[in-house]
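K.L.:
Mind looking over this structure? Questions follow.
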Amino acid sequence: MTVQESPIINRRNKTIEFSIQHGCAHHISLTGSFNHWAQDVLLLEPGSNGTWKIEIPMLPQGKYYYKFFIDDQVWVEDVDNPWREPDGRSGWNSVLVVEN
């Protein structure tokens, strides 16, 4: 079994792809420090086998925190990303570091 790196930084295309596995969600958004935690801007697209994905333009160099927001109710960290830090509310923020 291979471990999926998440998120996937594609330097050639200058994009970052985020994905989450969730078979019963109606909608999922990507929210984080890079979009001021906006809950309704970066909407993931449902795909096959319950995989939801979104590709965003490459971010400037830096450290970012993010979560997925499911059905306007549940905040979830990226379980495929081992890098996380406490969110200050008894949960976790996933961490993305963009380097040159």
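Any read-out appearing in this document is the output of simple, stated calculations on the displayed coordinates, not a laboratory observation. A quick note: this is a predicted structure, and the numbers were derived from the prediction, not measured. Cβ sites come from the backbone with ideal geometry, for glycine too, and all protein chains shown count toward neighbours.
K.L.:
Being among the polar types (S, T, N, Q) and either closer than 13 Å to Asp71 by Cα or in contact (Cβ under 8 Å) with a residue 60 or more places away in the chain (or both) is the filter here, so list the residues in the range 11-30 that pass it. Working first, answer last.
P.N.:
Going through the range 11-30, the residues among the polar types (S, T, N, Q) turn out to be 13, 15, 19, 21, 29.
Selection gives Ser19, Ser29.
K.L.:
Consider the range 74-100. How many of its residues are farther than 24 Å from Cys24 by Cα, surrounded by fewer than 17 Cβ atoms within 10 Å (Cβ to Cβ) and touching a residue at least 40 places away in the same chain (Cβ under 8 Å)?
P.N.:
Residues that pass the stated criteria total 1.
K.L.:
With respect to Ser48, is the statement that it is in contact (Cβ under 8 Å) with a residue 12 or more places away in the chain and small (Gly, Ala, Ser) true? Steps first, answer last, please.
P.N.:
Numbers: in contact (Cβ under 8 Å) with a residue 12 or more places away in the chain: no; small (Gly, Ala, Ser): yes.
In short, no.
K.L.:
For the condition among the aliphatic types (A, V, I, L, M), out of contact with any strand residue (DSSP E or B) (no Cβ under 6 Å at 6 or more places or on another chain) and more than 21 Å from Asn100 (Cβ to Cβ), what is the one hit in Val76, Val41?
P.N.:
Working: Val76 fails: out of contact with any strand residue (DSSP E or B) (no Cβ under 6 Å at 6 or more places or on another chain).
None of the others qualify; the one that does is Val41.
K.L.:
For the chain, which strands (runs of 3 or more DSSP E) that fit wholly inside it have 2 or more residues that are over 12 Å from the mean Cα position of the chain (by Cα) and β-branched (Val, Ile, Thr)?
P.N.:
Fully inside the chain and qualifying: 92-98.
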